[in-house]
Amino acid sequence: MIRKVLIANRGEIALRVVRACRELGIKTLAVYSEVDEQSLPVQLADEAICIGPAQASQSYLKADRILSAAELGDVDAIHPGYGFLSENATFAEQCELCKIKFIGPSSETIRAMGDKVLARQMAAKAGVPTVPGSPDTITDEKQGLKIAETIGYPVIIKATAGGGGKGMRIAHNSVAFSKEFRTAQVEAEKAFNNGSVYVEKYIEEPRHIEFQILADKYGNVIHLGERDCSLQRRYQKLIEEAPSCFLDVKLRKQMGEAAVKLAKACHYEGVGTLEFLVDKYGKFYFIEMNTRIQVEHTVTEEAMGIDLVKWQIRIANGEQLTLRQSDISCKYHAIECRINAEDPEKSFMPCPGHVDFCYTPGGKGIRVDSHVYSDYSIPPYYDSMIGKLIATGETREEAIDRMYRALNEYIVHGIKTTIPLCKQIMLDPPYREGKITTKYMETFLNRIKKQ
Ligand code: ADP
């Protein structure tokens, strides 16, 4: 039985886990860096332990300090949230060795699915379509060029250990390939301490559609439908929604079945996400799996009426899934805007700093997941997301109108945020018509620049 959970994270996701544990009657231990002492999850958790200085490499990424805190706090489980150590197979393994439940799949599954080449191989073996590309890691340029010629340009060179859009380069011809190949390797080495890369066909103007999976340790696996995360800037998601207005019943069924098949093939346990690209003809390709809770899990929760974080903890607690695929139906339309401390007018430069005043919107169909409050100082050491605003409606149109209304109520004084940009998007006719591919943001930003 899980009595007490250590939350190895910060910000809104740490708060999300504190809240889920509180509702489940489970005690929480927050770990925090020196600059996060006044943060909301630290204040709201039952206990808190400081694990080091502000830099993530000295605190939230320090597995040994987190495990010492776990020992000291006598916890039974660790929730890793997203980012930081959430997809670190070695950390999950250390938890297993210490007999502390890592709230997520086994270290073996994390290791297999965290390597994008291995994940592609696993998908191909399970009969799930992958983007045409190299079957293995590519070590020399010549080999890469040969594959690029076979699949045809444009191609995308991607980091095997990739994440957050880093180490990804597009090449439109063989001359560009040589340059981009080396750049991708250097970027990957720098970001992940692992310079290995692979090559995929570059799908032109795809939609990014991902399926949420829920799996217990008894082999029961269901999917909770899709999220459309096509609205991205530099491969980073900005606004997500569920369901996707691009999928019809048939395609949803096919993709959902593929997602379940792959989750079963890798003996998945917990919540997870299978990411796909869908081209304009409705052909879908698996690109990667995230073996953790995702930022945008909220839209699935709202559209489906299911608490994913609670289920994640219950599954880790050894409970059997009581939901069957036939129980799952999409009830509402939900949209999430990521509110970032960034200045869209200055190339989205991060704007950490003091929040003089903050007022979060409410009312019917509005949810705000945020750790920020008036007089809070956003530290410069971590990512720039300061909250998530989720609007839910009977229809997509109602969700958009509600989101626009709530964005107008949201007040954050003292720093620049992406709120004004999100407002403009909510009024943009192509967005309202659902014409969103991964190219949307680039054209939208060019359009508003010209106005
Ligand atoms: P990361 O793990 O770094 O987030 P992903 O593999 O999940 O990388 O891809 C992130 C985004 O990059 C996708 O949502 C999509 O916009 C773009 N992308 C990735 N692979 C391709 C591809 N083969 N063709 C076109 N776009 C791609």
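The values are calculated or read from the model by the stated rules, or taken from the named source; none is laboratory data. Note that the coordinates shown come from a computational prediction; the quantities given were computed from them, not determined experimentally. Backbone-built Cβ (ideal geometry, glycine too); neighbour counts: all protein chains shown. Only protein heavy atoms, including side chains, enter the accessible area calculation; ligands, DNA and RNA are left aside. Shrake-Rupley method; radii C 1.70, N 1.55, O 1.52, S 1.80 Å.
For the reader, a short list of remarks on this structure follows.
Okay, residues lined up against (1) more than 16 Å from the ligand (Cβ to nearest atom); (2) not assigned by TED's automatic domain parsing to the domain that holds Lys179:
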residue: Glu93; (1), (2): yes, yes
residue: Leu97; (1), (2): yes, yes
residue: Gln121; (1), (2): no, yes
residue: Thr139; (1), (2): yes, no
residue: Ile147; (1), (2): no, no
residue: Gly164; (1), (2): no, no
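- In the condition set (1) in contact (Cβ under 8 Å) with a residue 60 or more places away in the chain; (2) touching an Asp or Glu at 6+ places or on another chain (Cβ under 9 Å), Pro154 is compliant with all but (1).
- Scanning segment 366-395 for residues that are over 17 Å from Glu12 (Cα atoms) and open to solvent by 30 Å² or more (accessible area, probe 1.4 Å) returns Glu394, Thr395.
- Restricting attention to segment 163-177 and to residues that are out of contact with any strand residue (DSSP E or B) (no Cβ under 8 Å at 6 or more places or on another chain) and part of a loop (DSSP other than H, G, I, E, B), the residue that is nearest to Leu277 (Cα to Cα) turns out to be Gly163.
- Selection within segment 31-66 - touching a Leu at 6+ places or on another chain (Cβ under 9 Å) and in a helix (DSSP H, G or I): Leu40, Pro41, Leu44, Ala63, Ile66
- Qualifying residue in segment 125-134 (condition: within 10 Å of the ligand (Cβ to nearest atom) and open to solvent by 40 Å² or more (accessible area, probe 1.4 Å)): yes
- Check on Gln58, of a type outside the set (D, E, K, R), within 21 Å of Glu269 (Cβ to Cβ) and free of Cβ contacts under 8 Å to residues at least 60 places away in the same chain: no
- Within segment 184-201, residues that are closer than 17 Å to Asp140 by Cβ have Cβ atoms under 8 Å from residues that are in a loop (DSSP other than H, G, I, E, B) and open to solvent by 50 Å² or more (accessible area, probe 1.4 Å) in these pairs: Ala188/Lys166; Ala188/Asn194; Ser196/Thr139; Tyr198/Asp136, counting only partners at least 6 apart in sequence or on another chain.
- Meets criteria (under 14 Å from Ala406 (Cα atoms) and of a type in the set (Gly, Ala, Ser)) for Ala341: no
- Odd one out for Thr298 among (1) crowded, with 24+ Cβ neighbours inside 10 Å; (2) within 16 Å of the ligand (Cβ to nearest atom); (3) not charged (D, E, K, R): (2)
- Of all residues in segment 416-451, those being part of a loop (DSSP other than H, G, I, E, B), open to solvent by 80 Å² or more (accessible area, probe 1.4 Å) and closer than 17 Å to Ser230 by Cβ number 2.
- The sole residue among Lys261, Lys253 that is more than 10 Å from the ligand (Cβ to nearest atom), touching a residue at least 60 places away in the same chain (Cβ under 8 Å), outside any strand (DSSP E or B) and basic (Lys, Arg) is Lys261.
- Given (1) more than 22 Å from the chain's Cα centre (by Cα); (2) surrounded by 14 or more Cβ atoms within 10 Å (Cβ to Cβ), index of the condition Asp356 fails: (2)
- Single match in Tyr410, Tyr382 (criterion: in contact (Cβ under 8 Å) with a residue 60 or more places away in the chain and in contact with a Pro (Cβ under 6 Å, 6 or more places away or on another chain)): Tyr410
- Residue match in segment 30-40 (condition: within 20 Å of the chain's Cα centre (by Cα) and among the small types (Gly, Ala, Ser)): no
- Residue that is nearest to Ala334 (Cα to Cα), among those in segment 358-411 that are in contact with a helix residue (DSSP H, G or I) (Cβ under 7 Å, 6 or more places away or on another chain) and of a type in the set (Val, Ile, Thr): Thr392
- Strands (runs of 3 or more DSSP E) (entirely within segment 178-240) containing at least 2 residues that are in the same structural domain as Thr300 (by TED's automatic domain parsing) and either more than 15 Å from the ligand (Cβ to nearest atom) or surrounded by 24 or more Cβ atoms within 10 Å (Cβ to Cβ) (or both): 207-215, 221-233
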